[in-house]
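Below: one structure, written as structure tokens.
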Amino acid sequence: MRIGPYQLDNPVILAPMAGVTDLPFRQLCMELGAGLTVSEMLSSNPRVWQTKKSQTRMGHADEPGIKAVQIAGCEPELMAHAAQHNVANGAQIIDINMGCPAKKVNKKLAGSALLQYPELVSEILHAVVNAVSVPVTLKIRTGWDPDHRNGVEIAQLAEQAGIQALAVHGRTRACMFKGTAEFDTIRAIKQAVSIPVIANGDIRNPEKAKAVLDYTGADAIMIGRGAQGNPWLFREIAHFLATGEHLAKPNATEVRRVVCDHVRKLHQHYGEFSGVRIARKHVGWYLQEQQPASEFRRHFVAIENADEQLEALATFFNQ
């Protein structure tokens, strides 16, 4: 799997997810076998670039591997400027968001709302590709709603504009995250274009990853919610795709190390106040399948101090 001049170590990619794929999580997923990680969505509106939230997302000095940054917006000129700004800050790949189904994004005509307007899609893609010298990629859904799956049309526009890889989530905007992802549209897209296609949606184990690749003919897969609380999934899938064999699950010692290191890095990255709060959801994801941990989760979300969070985790894992 190549994106422009960049050769990925394996075809298993971390999807960009707002509020999830921050620098500490990207670092962790790369450590545990992801072939590429993509940043949280960054607005193309320059008025928000100086906010603390945007500044936290824009730092790439400690970024592992290839630095891929996702931008979102609906105005071609602003999107082009945002791409240039992020390249100047270290981005090696610019990814365009036309897949987010969130209402607050769509009401601004960004994310998957753009799929309703192929001409505007084309304008944005051409503007961004022509604005930067790095590869530009695109993430979409299969269409606006089940009656308007125009993923093939959008994919062809992307190829014509010079987009160098296309990720497709197997749901429409209207589907949000409900039901199950469908891969017929992704298969049709792969047959319609020659650029690399990345399949995304409901991939939570190695067998599903291989089945999706075999069925769609896609060049890579993208893992989103399946990685929440399970960053080991990347190495498990990569190993299975390469050898056909299952990798052993992480032992208790490794789980403890990864969870505690992740929480510690969240504290360092965001500062104690925000880091403690962001750590709560990640620890919840790590522990959600362990029924005996439900009481501990209730205790953990009430902790307000960074050191106390780490002490509580140490006590939990010791037990």
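For this structure, a couple of remarks:
- Applying a threshold of 9 Å to beta carbon distances and a minimum spacing of six or more residues, or different chains, the list of pairs starting in segment 219-236 at a residue that is touching a residue at least 12 places away in the same chain (Cβ under 8 Å) and ending at one that is among the hydroxyl-bearing types (Ser, Thr, Tyr) and open to solvent by less than 10 Å² (accessible area, probe 1.4 Å) reads Gly224/Thr21; Ala227/Thr21.
- Counting only residues that are of a type in the set (Gly, Ala, Ser) and under 15 Å from the mean Cα position of the chain (by Cα), segment 207-261 holds 5 of them.
- Count of segment 28-49 residues which are within 26 Å of Gly229 (Cα to Cα) and assigned to a helix (DSSP H, G or I): 4
- Test result for Glu236, of a type outside the set (Phe, Trp, Tyr), surrounded by fewer than 19 Cβ atoms within 10 Å (Cβ to Cβ) and over 21 Å from Arg149 (Cβ atoms): no
- Filtered residues of segment 261-313 (kept if of a type in the set (A, V, I, L, M) and either more than 24 Å from Arg26 (Cα to Cα) or open to solvent by less than 30 Å² (accessible area, probe 1.4 Å) (or both)): Val263, Leu266, Val276, Ala279, Val283, Leu287, Ala293, Ala302, Ile303, Ala306, Ala312, Leu313
- In segment 239-260, of all residues being surrounded by fewer than 18 Cβ atoms within 10 Å (Cβ to Cβ) and among the aliphatic types (A, V, I, L, M), the one that is farthest from Met30 (Cα to Cα) corresponds to Ala252.
- Looking across segment 91-105, just one residue is open to solvent by less than 30 Å² (accessible area, probe 1.4 Å) and either among the charged types (D, E, K, R) or farther than 19 Å from Met17 by Cβ (or both), and that is Asp95.
- Cβ pairs under 8 Å, 6+ apart, first in segment 85-106 and touching a residue at least 12 places away in the same chain (Cβ under 8 Å), second surrounded by fewer than 18 Cβ atoms within 10 Å (Cβ to Cβ) and of a type in the set (D, E, K, R): none
- Of the residues Ala199, Ala209, Ala165, the single one that is touching a residue at least 12 places away in the same chain (Cβ under 8 Å) and either out of contact with any strand residue (DSSP E or B) (no Cβ under 9 Å at 6 or more places or on another chain) or within 26 Å of Pro76 (Cβ to Cβ) (or both) is Ala165.
- Unique residue being of a type in the set (Ser, Thr, Tyr) and open to solvent by 30 Å² or more (accessible area, probe 1.4 Å) when the list is Thr51, Thr37: Thr51
- Listed by first and then second residue, the pairs with beta-carbon distance under 8 Å, at least 6 apart or on different chains, first residue in segment 63-78 and of a type in the set (S, T, N, Q), second open to solvent by 30 Å² or more (accessible area, probe 1.4 Å), are Gln70/Met41.
- Single residue of segment 176-225 satisfying the filter (over 17 Å from Asn150 (Cβ atoms) and among the hydroxyl-bearing types (Ser, Thr, Tyr)) that is surrounded by the fewest Cβ atoms within 10 Å (Cβ to Cβ): Ser194
The values are calculated or read from the model by the stated rules, or taken from the named source; none is laboratory data. Keep in mind it's a predicted model, so treat the numbers as computed, not measured. Here the Cβ is made from the backbone with ideal geometry for all residues, glycine too, and neighbour counts use every protein chain on show. These accessible areas exclude ligands, DNA and RNA; they are computed on the full protein's heavy atoms, side chains included. Shrake-Rupley method; radii C 1.70, N 1.55, O 1.52, S 1.80 Å.
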